[in-house]
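The values are calculated or read from the model by the stated rules, or taken from the named source; none is laboratory data. Given the structure is predicted, the values throughout are model-derived calculations rather than measurements. All Cβ positions, even for glycine, are placed from backbone atoms using ideal geometry, and neighbour counts span all protein chains on display. These accessible areas exclude ligands, DNA and RNA; they are computed on the full protein's heavy atoms, side chains included. Shrake-Rupley method; radii C 1.70, N 1.55, O 1.52, S 1.80 Å.
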Amino acid sequence: MDVKIEESWKRELATEFDKDYFVKLTDFVRGEYLSGKQIYPAARNIFNAFNLCPLDDVKVVIIGQDPYHEPGQAMGLCFSVPDGVTLPPSLVNIYTEIKNDLGRPSSTHGDLTHWAEQGVLLLNSTLTVQAHLAASHAGHGWEQFTDAVIAALAKRKNIVYMLWGSYAQKKAILVDATQNLVLKSVHPSPLSAYRGFFGCKHFSQANDYLINRGKTPIDW
C-alpha cells in the first residue's frame, strides 16, 4: 500500500499514529486492501484531503460521512468525484445552492480538487469503504482519527465549519463557535435538501467571514 500524508498533518497528528486504535485501524485497512476486496478510494488517495490542503492553509472544513462506494467515484475528498464521472445527487444540490447563493453557474464536473487547493478541507469521517457497502468501515477507528483532526483544527481560530446533516453536526462539540464560524443545515441529499439546505447561503456566508478576517475568499 502506497499511503502517505502531508508533512504538516503528519507532525500535528504524530501522537495519533502511535495509539493502539490507530495501529489496529491500520492493520484492518491494510488487510482489507490486500484481501482482494474492492476498497475505495485507491490506497494512494486515502489521505487526499490532507495532501491537497496542508494544515496551515485550512480556511473551511466540510465534513462528509464515508467515501462513495460505487466504482470510479471515491477520490479521498468528501462529496467529490473525478472529472467525467456523473455528479452524485448531493453534489448536484450543492452546486444548485452555490448558483442560487452566489448568482453564477456552478461547475460542470464533480472534481473538487480546486476547492481543496484553496484551503477547503473536504473531510470524510470514515476514510475508506468496501465497494457497494456503505459504512462498511465505520466503527474501526477512523472516526476517532477524524475527531483528532477536528480537535487539532480547534486549536486555531477563524475557520469556517460547514456541518450538513446530523452526523456532521455532532462534530460541533469539538469547535469553539465564538472563535470560528459554524454553519449548520440539513444534508444536501435529495431526501433532505428541500428542508433547509437550499437557501442556507453557506457559501456567501463563508466568503464574507473570510474577507472580514483578511483572508482570500474561496472561488466556489
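If you check Gln144 against the conditions, is it open to solvent by 10 Å² or more (accessible area, probe 1.4 Å), farther than 26 Å from Pro217 by Cβ and out of contact with any Ser or Thr (no Cβ under 9 Å at 6 or more places or on another chain)? Criteria met by Gln144. Looking only at the range 206-220, residues that are in contact (Cβ under 8 Å) with a residue 40 or more places away in the chain and surrounded by fewer than 18 Cβ atoms within 10 Å (Cβ to Cβ) come to 5 in all. Applying a threshold of 8 Å to beta carbon distances and a minimum spacing of six or more residues, or different chains, the list of pairs starting in the range 110-131 at a residue that is touching a residue at least 40 places away in the same chain (Cβ under 8 Å) and among the acidic types (Asp, Glu) and ending at one that is part of a loop (DSSP other than H, G, I, E, B) and buried (at least 23 other Cβ atoms within 10 Å of the Cβ) reads Glu117/Cys53. Pick from the range 192-201 the residues that are in a loop (DSSP other than H, G, I, E, B) and of a type in the set (Phe, Trp, Tyr): which of them is most open to solvent (accessible area, probe 1.4 Å)? For the range 192-201, the residue satisfying everything is Phe198. Among the residues of the range 66-75, is there at least one that is touching a helix residue (DSSP H, G or I) at 6+ places or on another chain (Cβ under 8 Å), outside any loop (DSSP other than H, G, I, E, B) and buried (at least 16 other Cβ atoms within 10 Å of the Cβ)? No, the range 66-75 has no match at all.
Within the range 76-90, the residues that satisfy the criterion of being in contact (Cβ under 8 Å) with a residue 40 or more places away in the chain and open to solvent by less than 40 Å² (accessible area, probe 1.4 Å) are Gly76, Leu77, Cys78, Phe79, Ser80, Ser90.
Results for (1) over 19 Å from Pro188 (Cα atoms); (2) of a type outside the set (Phe, Trp, Tyr); (3) in contact with a strand residue (DSSP E or B) (Cβ under 7 Å, 6 or more places away or on another chain), shown as yes or no for each residue.
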residue: Pro88; (1), (2), (3): no, yes, no
residue: Tyr95; (1), (2), (3): no, no, no
residue: Ser107; (1), (2), (3): no, yes, no
residue: Trp115; (1), (2), (3): no, no, yes
residue: Val120; (1), (2), (3): no, yes, yes
residue: His137; (1), (2), (3): yes, yes, yes
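Go through (1) farther than 26 Å from Ser90 by Cβ; (2) at pLDDT 95 or above for Met1 and report which single condition fails. Here Met1 meets the rest and fails (2). In this structure, is Thr113 open to solvent by less than 10 Å² (accessible area, probe 1.4 Å), closer than 17 Å to Leu52 by Cα and hydroxyl-bearing (Ser, Thr, Tyr)? So Thr113 does not fit the description; no. Residues that are in a loop (DSSP other than H, G, I, E, B) and touching a residue at least 40 places away in the same chain (Cβ under 8 Å) were ranked within the range 147-164; the one that is most open to solvent (accessible area, probe 1.4 Å) is Arg156. Restricting attention to the range 166-191 and to residues that are at pLDDT 95 or above and farther than 22 Å from Ala154 by Cβ, the residue that is surrounded by the most Cβ atoms within 10 Å (Cβ to Cβ) turns out to be Pro188. Within the range 10-39, being open to solvent by 30 Å² or more (accessible area, probe 1.4 Å) and under 17 Å from His132 (Cα atoms) holds for Tyr33, Ser35, Gly36, Lys37, Gln38.
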